[in-house]
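Structure first, then comments.
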Amino acid sequence: MGSVALRNIRKSYGAVEVLHGIDLDIADGEFTVLVGPSGCGKSTLLRSIAGLETISNGEIALDGAVINKLQPKERNIAMVFQNYALYPHMNVAKNMAFSLRLAKQPKDEIDRKVRDAAEILDLAPLLDRYPRQLSGGQRQRVAMGRAIVRDPEVFLFDEPLSNLDAKLRVQMRAEIKELHQRLKTTTIYVTHDQIEAMTMADKIVVMRGGHVEQIGSPLELYDRPASVFVAGFIGSPAMNFLPAAATGGTLVTKSSVSVGKAPAGVDEGRSVIAGFRPEDLRLADSGMPAKVVVVEPTGAETQLMLRMADGDIVFTTRDRISVGPGDTVHLQIEPGKLHCFDAETEAAIRQDAAGQ
Amino acid sequence: MNETPRTLYWLALSLVGLVIAIYILFPIFWLFLASFKTQAELAALPISFWPEAPTLDAYKALFSPTHQKGQLLDWPRLIGNSFFIAISSTILVVFFGTLAGYAFARLHFPGRDLILGGLLISRMFQGAALLLPTYRLMSMIGLQDSPIGLVLLYSAFGLPFATWIIASSLREIPRELEESAMMDGASRLQSMALVVLPLATPALITAAMWHFVGAWSEFAFASILLESNENKTVTIGLASFVELFTLEFQFVGAAATIVALPIMLVFFFGQRYFTRGLLAGAVKG
């Protein structure tokens, strides 16, 4: 069992508060990703759960037992660090056995656990090597092996893939996910990469400036972002935003371009931010006029950077289209795909999304 | 193309280095050779370079009580004193330097960087300026003619720099290694002993070498503090030859060779760690 409950977690460095009261429930076996830009407090939160940071206020509970006063070693939580933190003077087997040796487990027990973990992670032929003799991906696996042998209640990962090249990152991403499906250990994973969050998570926690911005499954966040921030952070290329106002039942931009029908709940004259994803646009004979600036074919789909009077937008399509820079195209937003945010608070105006 | 000028450049540089090395080493080497000569050969003209009939008489004389004739100090005793003082203070300096260095590298406390900088400044004081006050202080606490007094004194002098070396090297060791050890179930002391110190070995050995050599060859404080013959150290022993009415160079040579030996051994065995330490920092993994 390894359910984690965070209640009103606050953390200050001197007068500066970096976590402003975080509440979060993580069920046993769940893969939760904390995601957000650097400085949003996600790593601090993770380190607080690990016990490497003390919290100024609040409560961290593991399976219902409050653990915030416990030392890291008393929490039965394992952590994989961004730079792997392998002990350079120990070989792979010793690195993985370190925690078991500290726990004074019998030698044959230690050997068995290390062998098992090495088997799972394809590390068996490397047990005698030293960290400096391993590739980045292998080091990453040793770091995970060190966590696995302990059979902890919770795994913590602190941006574990950020030191790997792009190709290896994709591969390790799948390996970590597979490992989680196999071990079913509660996992809390910190990243600033929304693709990692989307691909791996059961539950994503989007953080910003020490607050939780939104919690949900990857597709919930994608389909129903609670704020401009989440809408812009999740998804690549990012959602397009245009400032608009409700005029006569439609959303109209400053330069009098009609974006689409004003959703229910948006009063006449109200200033909003209209949001729509690049793939939710389609070419039409009439609609928003935009001038093609750059065409980027990637094969599977083509991405166009377009210039409107109200700002630049991105449009992606799987169709083969024959437009070039300088051409003017007209675009319409797929029905029901228009997101609407309050111009002041940047929060989603919800009634519409439910209605469509 | 520029292969030849470069080779020439290195050749010239090596030549200059060789000349400097010979200039520095020649007197030492001559003294070393002198230790195998007899008094008669040393006095003879023309001066001979290689010993005609190499003999260990000078070494025997230093170590056998029957040869001491009241002129030579008790050399086994001097060597013992020097070893005791140098080793004890090296142990103290490395032990406390490690604890202090760890604190400077890892713990947060007010004025930390100021104090660490202050440690370096303390090295700018000329030792000579401290001779008199130190003598007063040592006689006040009754340690003016005692090897223990010198152990404490050398430790006090050596600790700031050793702390500084060790602190700088501990700062290079990623904090995550210790955090990882703590997550793995280690206490702070365990993580220090099992993870940090093995990685800091080159720095610890460098600090120990540095201090041992300094303590072994210190002369000024030893000469004013130590009065009785049975407490004196090798450096005072070497200097005492000057006061003898006949300058017997074979004894000076033998004694100087013996005194230089530990320092040479320290560097011979320590060098390995020294280079390893340098390499470990150079290759980022």
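The values are calculated or read from the model by the stated rules, or taken from the named source; none is laboratory data. Keep in mind it's a predicted model, so treat the numbers as computed, not measured. Note that each Cβ is placed from the backbone with ideal geometry, even for glycine, and that neighbours are counted across all protein chains shown. Accessible surface areas use protein heavy atoms only, side chains included; no ligands, DNA or RNA. Shrake-Rupley method; radii C 1.70, N 1.55, O 1.52, S 1.80 Å.
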Among A:K184, A:K177, A:K113, which is on the phi > 0 side of the Ramachandran plot and modelled with pLDDT of 90 or more?
A:K184
Restricting the search to the range B:194-248, which residues are touching a Lys or Arg at 6+ places or on another chain (Cβ under 8 Å) and within 14 Å of chain A (Cβ to nearest Cβ)?
B:P202
Collect the residues in the range A:76-97 that are open to solvent by 10 Å² or more (accessible area, probe 1.4 Å), facing another protein chain (nearest Cβ under 10 Å) and part of a loop (DSSP other than H, G, I, E, B), keeping them in residue-number order.
A:N76, A:Q82, A:N83, A:Y84, A:L86, A:P88, A:H89, A:M90
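Do we have any residue at all in the range A:247-255 that's aliphatic (A, V, I, L, M), farther than 23 Å from A:G39 by Cβ, over 19 Å from the mean Cα position of the chain (by Cα) and assigned by TED's automatic domain parsing to the domain that holds A:D312?
Yes, some residue in the range A:247-255 is aliphatic (A, V, I, L, M), farther than 23 Å from A:G39 by Cβ, over 19 Å from the mean Cα position of the chain (by Cα) and assigned by TED's automatic domain parsing to the domain that holds A:D312.
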Which one is nearest to A:K203 (Cα to Cα), of the residues in the range A:31-50 that are hydroxyl-bearing (S, T, Y) and open to solvent by less than 10 Å² (accessible area, probe 1.4 Å)?
A:T32
Condition met for B:A105 (in a helix (DSSP H, G or I), small (G, A, S) and touching a residue at least 24 places away in the same chain (Cβ under 8 Å)):
yes
Would you confirm whether or not the range A:98-115 contains a residue that is open to solvent by less than 20 Å² (accessible area, probe 1.4 Å), of a type in the set (F, W, Y) and in a helix (DSSP H, G or I)?
yes
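Out of B:S89, B:S169, B:S155, report the one residue that is in contact with a His (Cβ under 8 Å, 6 or more places away or on another chain) and in a helix (DSSP H, G or I).
Answer to the selection: B:S89.
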Among the residues of the range A:51-68, is there at least one that is part of a loop (DSSP other than H, G, I, E, B), farther than 27 Å from A:G136 by Cα, open to solvent by less than 30 Å² (accessible area, probe 1.4 Å) and more than 10 Å from chain B (Cβ to nearest Cβ)?
yes
Just to be sure before I move on: is A:R10 assigned to a strand (DSSP E or B), of a type in the set (K, R) and surrounded by 15 or more Cβ atoms within 10 Å (Cβ to Cβ) in the structure I sent?
yes
For A:T191, indicate whether it is more than 30 Å from A:F276 (Cβ to Cβ), buried (at least 20 other Cβ atoms within 10 Å of the Cβ) and not aliphatic (A, V, I, L, M).
no
Taking first residues from the range A:95-124 that are aromatic (F, W, Y) and second residues anywhere that are modelled with pLDDT under 95, the pairs with Cβ under 6 Å that are 6 or more apart or on different chains are A:F98/B:D184
Considering A:L168, A:L161, which residue is assigned to a helix (DSSP H, G or I) and away from chain B (no Cβ under 14 Å)?
A:L168
Only one of B:T90, B:T66, B:T38 is of a type in the set (S, T, N, Q), at pLDDT 80 or above and open to solvent by 40 Å² or more (accessible area, probe 1.4 Å). Can you tell me which?
B:T38
Just give me the residues in the range A:116-158 being surrounded by fewer than 22 Cβ atoms within 10 Å (Cβ to Cβ), closer than 22 Å to A:A50 by Cβ and more than 14 Å from chain B (Cβ to nearest Cβ), in sequence order.
A:L121
Kindly check whether there is at least one residue in the range B:180-197 that is of a type in the set (D, E, K, R), open to solvent by 20 Å² or more (accessible area, probe 1.4 Å) and in contact (Cβ under 8 Å) with a residue 12 or more places away in the chain.
no
Matching residues in the range A:159-180 (hydrophobic (A, V, I, L, M, F, W, C) and open to solvent by 40 Å² or more (accessible area, probe 1.4 Å)) number 4
